[in-house]
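Asks: Got a structure here, written out as structure tokens. Questions coming.
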Amino acid sequence: MTEPQRVVVIGELSGAGPPGIERMEGRAEFIQVLDATSLHAALPGTEVVLMWDFRSSLLRNAMDRADSLRWVHVAGAGVDAAMSPELQARDIQLTNARGVFDRSIAETVAGWALVFAKDMLRSWQLQQAATWQHRETEIAAGSTALVVGMGGIGREIARTLRSLRIDVVGMATSERSDDEFGVIRAIDDFDEVLPLVDLVVLVVPLTDRTQGLIGATQLASMRPTARLINVGRGGLVDEAALVDALRSGTIAGAALDVFAEEPLPADSPLWAMDNVIVSPHMSADFHGWLDALASQFMDNLDRWLDGEPLTHVVDKRLGYVSAGEVS
Ligand code: OXD
């Protein structure tokens, strides 16, 4: 009889393992680690690591102990915290939670687009003051949104915005023609397209290329009526420059699900700004998301144990699952 596959799980779990672990009985054993010391002890001889906590930097800092590592699964969309030169260079497969979050994030983004257009933040603020103040609001239909990052999540965002009759310009690493979205612009054209749109949605992975994509220069080039939605990573935006731009009216508003530091520090000026929505990194997290993440991993683990190819394999040079990948 073959030994069960040892899977080292990095991150907090509420039960004995990820939800649905029973189906792996006899096939896999899960060892949970929460700190560097236990990871250091568990890594030697381990082939499979599940990063249940997609934000953890534990593995990145312990790659010298990972003598037998062959597969890392990140239970999240962004793999930036797992990425390291060693992981990139070695023959280790990296997979992510592609597909799980598309709908939840798309609905969040569409909701915020409408909150801005229909001035709902102001209505809420006036309600707090029991003030009846009639106003006129924008029509979102006919406005233009730039969606930066056209992987699975970005495409679902683009679809959902289009269903509101918002025109969408998609942007990805390189220019390409797409059956559904027409010409997808290259990220190198970012500064050129930015001044032409009403809404900028960041859903692109954080890589060396996208770090600090939006700084003071980019903000200054945006329409004063434009809004920024960030559901990618805090590092995509220079947060201090954003605060300045929101204060001075350089841009009209921002909805932020991700921040340079999380949780957002209590003294961040963003908390108190009336043209800002602060969301605690939860745009992806719908009721049942943990079950969905676990079940996606177990399906891949079954494939691994059966010697079949894994799905949702991240291109480690790009930092995301490339368009041609099985998903
Ligand atoms: C993720 C996220 O990458 O929720 O999964 O930010």
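Every number in this text was worked out from the coordinates using simple rules, so none of it is lab data. Fair warning: this is a prediction, and the values are worked out from it, not measured in the lab. Ideal geometry is used to build each Cβ from the backbone, glycine not excepted, and the neighbour counts take in all protein chains shown.
Asks: Mind listing the phi-derived Karplus ³J(HN,Hα) values for region 51-59, rounded to whole Hz, using 6.51, -1.76 and 1.60 with θ = phi - 60°, and x for any glycine or proline?
Replies: 3J(HN,Hα) across region 51-59, in whole Hz: 8, 5, 8, 5, 8, 5, 9, 4, 5.
Asks: Follow-up. If we sort 259-266, 158-165, 281-288, 223-230 on the protection proxy, mean other Cβ atoms within 10 Å, highest first, what's the order?
Replies: 223-230, 158-165, 281-288, 259-266
Asks: Specify whether the C-alpha gyration tensor of region 1-74 places it in the rounded, prolate or oblate class, a ≥ b ≥ c being the square roots of the eigenvalues: rounded for a/c under 1.5, otherwise prolate if a/b is larger than b/c and oblate if not.
Replies: oblate
Asks: So, by mean Cβ neighbours within 10 angstrom, what's the order for 171-178, 134-141, 249-256, 48-55 with the highest one leading?
Replies: So the peptides 171-178, 134-141, 249-256, 48-55, ranked by packing, come out 48-55, 249-256, 171-178, 134-141.
Asks: In degrees, nearest 10, range 0 to 90: what is the angle between the Cα axis of helix 239-248 and the longest Cα principal axis of the chain?
Replies: Between helix and principal axis, roughly 20 degrees.
Asks: How high is the FRET efficiency between Asn61 and Leu310 when r is their beta carbon distance and R₀ equals 25 Å, given to the nearest 0.05?
Replies: 0.55
Asks: If you don't mind, there's one more thing I want to ask. Charges on Cβ only, +1 for Lys and Arg, -1 for Asp and Glu, centred on the Cα centroid of the chain; of Phe181, His40, Ser163, which one is farthest towards the dipole's positive end?
Replies: The Cα lying farthest towards the positive end belongs to Ser163.
Asks: Any idea what the dipole of region 112-193 comes to, in debye rounded to 20, about its Cα centre with Lys/Arg Cβ at +1 and Asp/Glu Cβ at -1?
Replies: 500
Asks: Please arrange Thr217, Thr210 by how many other C-beta atoms lie within 10 Å of their C-beta, fewest to most.
Replies: Going from sparsest to densest Cβ surroundings: Thr217, Thr210.
Asks: How would region 140-226 be classified by its alpha-carbon gyration tensor: rounded, prolate or oblate, with rounded meaning a/c under 1.5 and the a/b versus b/c comparison settling the rest?
Replies: It comes out oblate by the Cα gyration axes.
Asks: About the Cα centre of region 250-324, what is the dipole size in debye to 20, counting +1 per Lys and Arg Cβ and -1 per Asp and Glu Cβ, all else neutral?
Replies: With only Lys, Arg, Asp and Glu charged at Cβ, the dipole is about 260 debye.
Asks: Would you mind checking which residues have amide H under 5 Å from Leu94's amide H? H placed 1.01 Å from N; only 5 or more apart, or other chain.
Replies: Val72, Val314
Asks: Something else now. Once every DSSP H run of n ≥ 4 in the chain is given -39500 (n - 2.57) and the sum is divided by its residues, what mean residue ellipticity at 222 nm do you get, rounded to the nearest 500 deg cm²/dmol?
Replies: -7500 deg cm²/dmol
Asks: Just to be sure I understand: of the beta bridges DSSP finds with both ends in the chain, what percent are antiparallel, rounded to 5?
Replies: 10
Asks: Work from the charge dipole of the chain (Cβ charges, +1 for Lys and Arg, -1 for Asp and Glu, about the Cα centre) and give the residue of Ser56, Pro85, Val231 farthest towards its positive end.
Replies: Of Ser56, Pro85, Val231, it is Val231.
Asks: Among rounded, prolate and oblate, which fits region 168-298 when a ≥ b ≥ c are the square roots of the eigenvalues of its C-alpha gyration tensor, a/c under 1.5 means rounded, and a/b larger than b/c means prolate?
Replies: Because a/c hits 1.5 or more and a/b fails to exceed b/c, region 168-298 counts as oblate.
Asks: Multiply the residue gap between Gln128 and Ser221 by 0.36 nm, knock off their C-alpha separation, and tell me the result in nm, one decimal place.
Replies: Stretched fully, the Gln128-Ser221 segment lengthens by 30.1 nm.
Asks: While we're on this one: Give me the distance between the Cα centres of region 221-276 and region 85-144, rounded to whole Å.
Replies: 13
Asks: Karplus couplings for region 29-38 from phi (6.51 cos²θ - 1.76 cosθ + 1.60, θ = phi - 60°), rounded to Hz, Gly and Pro as x?
Replies: So the Karplus estimates, Gly and Pro as x, are 10, 10, 10, 8, 10, 10, 9, 4, 5, 6 Hz.
Asks: On to the next question. Given +1 on the Cβ of Lys and Arg, -1 on the Cβ of Asp and Glu, and no further charges, what dipole in debye does region 1-145 carry about its Cα centre, rounded to the nearest 20?
Replies: 300
Asks: What is the extension gain from Glu3 to Glu25, computed as 0.36 nm multiplied by their sequence separation minus the C-alpha to C-alpha distance, in nm to one decimal?
Replies: Extra length from Glu3 to Glu25 when fully extended: 6.8 nm.
Asks: Once phi is turned into ³J(HN,Hα) by the Karplus curve 6.51 cos²θ - 1.76 cosθ + 1.60 with θ = phi - 60°, what whole-Hz value does each residue of region 289-300 show in order, with x for glycine and proline?
Replies: 5, 5, 4, 5, 5, 5, 5, 5, 5, 4, 4, 5
Asks: Counting only residues 5 or more places away or on other chains, whose amide H sits under 5 Å from the amide H of Val169 once H atoms are built in the peptide plane?
Replies: Under 5 Å from the amide H of Val169 lie the amide H atoms of Ala145, Leu146, Val147, each far enough along the sequence or on another chain.
Asks: Using the alpha carbon gyration tensor of the chain, what are the three equivalent-ellipsoid semi-axes (square root of 5 times each eigenvalue), largest first, in whole Å?
Replies: Whole-Å semi-axes of the equivalent ellipsoid: 38, 21, 19.
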